[in-house]
Amino acid sequence: MKKRIISAIVVTMVITSLIAGCSSKVEGISKTNDEPTKITFWHGMSDNLGTSLDKLVKDFNDTHKDIVVTAQYQGEYDDALNKLKSAQTNNSGPDVMQCYDIGTKYMIDSKAIVPIQNFVDKEKYDILSLEENLLAYYTVDNKLYSMPFNSSTPILLYNKNAFKEAGLDPNTPPKSLAEVEDMAKKLTKKDASGKVTQYGYSMAIYGWFFEQFMLKQEKDYANNANGRSGNATAVDYEKNGGGLTLLNEWKKLVESGDVGNFGRKTADTRNAFIAENSAVYIDSTSSLSSVLKGVNGKFEVGTGYMPSVSNSDKGGVSIGGASLWIMDNKDEKKQQASWEFIKFLVSADQQAYWNVNTGYFPVTKKAYDTQMVKDNLAKYPQFQTAVDQLHASTPKSAGALFGVFPEARAAIETNIENMLNGKQTQEQALENAAKTTNIAIEKYNKTNK
C-alpha cells in the first residue's frame, strides 16, 4: 500500500513538473511575442535636420510600443551610401535606409530592397494623398520603389531692398538667365577703386543646377528618356544642344563682371547673399529657413521660380533631397515594422512638423491643411513660391536616373569650374564631362547586367 501511495505521489510530482515546464515554455513564448520588433534606420541628417528627425523617431517610438526604431547618422549622403555598399557584403546594413535622389538607380539595381509599391498594393494605401511630383522621381515602370521624405527644389532668392535702390520692381524677379544679365548690371555695386562690393547675381557651380537647367529647356540629361525608358547608356547633354546653350550663357554672365562666381560650395554663395555681396542667387528650398535666419531682417528677402535659360523655355523643375527605402533583410516582421515607421513619417502631422522645422516639402497634401503649416506660410510667405513652383511642374520633369549619377555630377562640376576659370572652352567642358561619365556608365552597366 505504501508503495502504491509513493508511486502515486511520484506520478503526481512528475505531471506537476511537466505542467509547470509547459507553463514556463508557454510563458516564454508569450513573453517573446510581446517583445517589440527592433529596426535600424540609417540617415544622413545632421545639425538641426538631425535634431528634427530625432524628434520624429522619438515620437514614433513613444506611440508604437510594438516597434522600436534606432536611428543612426551615417555621415553625408555619399558617405552613407558607401557604408551601405560595404555593409551589403556581410548583411550588416539597416532595415530602413535614407538615400539621396541620385542614388536611386543604384538602389534599384542592387536588388537589396523591397519596393514600397509592394506595401502600397497589399494595404491599398492611399497613394493619391501624396504629392504626385515627388512620387514621380522615385517611380520607375509604374512602380514606386522608395518613399520621398525630404524633398526640395531649386528656388531663386533676391534682395528686395537692392531692387528698390536699383530702380527695379521688387516684386518682379528675373525669369530667365537672359533677364538676369540685364538686371545684374543695374544691381552690381562697386567701391571707389572699382572693386565689386555687390554682384547683381551669383550661382554656385553645382551639378544639380546644371540638371535643372536641362529640364527647364526640356532637354534630356541622358539618353533613353533620361534612363527612364531603359538603362541610360550615355549622357545626352553634349549632343542635344542644351548643355552648350547653358554654358554659353553661364560663361557670358561671369565674364560680364556683374555675376559672381563663389565656387562649388553652395554655402559660399549663400553666405555672399546673406552678407549683401550678391543681390540674387539660386539655392535649394530647404535652405530658405537658414537664409531668413541669417539675414535677420537686414533686408527683405524675395523669392521666385528658378530661372530658365531663355524666355522661351517651358520646362519645370525636378526634386532633390532623399527618400526612404525598405531593405530586403528576409525578415517580413521587420519589413512590416519598417513600413509602419515610414507611414508615420509621411503622415500629415509629422510632415507638417518636418516642413516647418526644415523647409523641405510636405510629402502628403494633407499637411497643408494643418494649422502649423498654415501659420508658417502666413509668417513666411516666401515658402509659398516653392510650393507653387512644385505644383506648376509636371512629372515630365522628374529628372534622370542612372547608376553612376554621383560621379556624373562631380564630372560636370569639375569641368564647368575649369571653363569659368578659363582653362577650357564650353565645348571642351561638355566633351570632357561626357567622356568621363560615359566610361563610368558603360562600366556600371556591364557590372549590373
Open item on the list: What are the pairs with Cβ atoms under 6 angstrom where one residue, in the range 405-433, is touching a residue at least 60 places away in the same chain (Cβ under 8 Å) and at positive phi and the other, located anywhere, is aromatic (Phe, Trp, Tyr) and buried (at least 18 other Cβ atoms within 10 Å of the Cβ)? Sequence gap at least six, or different chains.
Closed with: none
Task: Which listed residue, of 70, 104, is within 23 Å of residue 336 (Cα to Cα), buried (at least 17 other Cβ atoms within 10 Å of the Cβ), assigned by the TED database to the domain that holds residue 345 and among the polar types (S, T, N, Q) - done: 104
- [ ] Could you run through the range 107-138 and say how many residues are surrounded by fewer than 22 Cβ atoms within 10 Å (Cβ to Cβ) and out of contact with any strand residue (DSSP E or B) (no Cβ under 8 Å at 6 or more places or on another chain)?
- [x] 13
- [ ] Return the total of residues in the range 320-356 being open to solvent by 40 Å² or more (accessible area, probe 1.4 Å) and aromatic (Phe, Trp, Tyr).
- [x] 1
TODO: Please indicate, with yes or no, whether at least one residue in the range 172-191 is closer than 19 Å to residue 434 by Cα and at pLDDT 95 or above.
DONE: no
Task: Residue identified as at pLDDT 95 or above and in contact with a Ser or Thr (Cβ under 7 Å, 6 or more places away or on another chain) among 369, 349 - done: 349
Open item on the list: Considering only residues that are part of a loop (DSSP other than H, G, I, E, B) and surrounded by fewer than 18 Cβ atoms within 10 Å (Cβ to Cβ), which ones fall in the range 278-298?
Closed with: 296, 297, 298
Task: residue 269, sole failed condition from (1) out of contact with any strand residue (DSSP E or B) (no Cβ under 7 Å at 6 or more places or on another chain); (2) polar (S, T, N, Q); (3) over 24 Å from residue 138 (Cβ atoms) - done: (1)
- [ ] Within the range 230-251, identify whether any single residue is polar (S, T, N, Q), within 20 Å of residue 417 (Cα to Cα) and over 20 Å from the mean Cα position of the chain (by Cα), and answer yes or no.
- [x] yes
TODO: Residues being more than 19 Å from residue 259 (Cβ to Cβ) and assigned to a loop (DSSP other than H, G, I, E, B): count how many of those fall in the range 194-219.
DONE: 3
Open item on the list: For the range 220-275, which positions are closer than 19 Å to residue 183 by Cβ, in contact with a Phe, Trp or Tyr (Cβ under 7 Å, 6 or more places away or on another chain) and not in a helix (DSSP H, G or I)?
Closed with: 258, 259, 260
Open item on the list: Based on this model, can you work out whether residue 16 counts as of a type in the set (Ser, Thr, Tyr) and either at pLDDT below 60 or not in a helix (DSSP H, G or I) (or both)?
Closed with: yes
Task: Test for residue 182: is it open to solvent by 20 Å² or more (accessible area, probe 1.4 Å), among the acidic types (Asp, Glu) and assigned to a loop (DSSP other than H, G, I, E, B) - done: no
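The values are calculated or read from the model by the stated rules, or taken from the named source; none is laboratory data. Not measured: the values here are computed from a predicted model. Virtual Cβ from ideal backbone geometry, glycine too; neighbours counted across all protein chains shown. Surface accessibility is based on the protein's heavy atoms, side chains included, excluding ligands, DNA and RNA. Shrake-Rupley method; radii C 1.70, N 1.55, O 1.52, S 1.80 Å.
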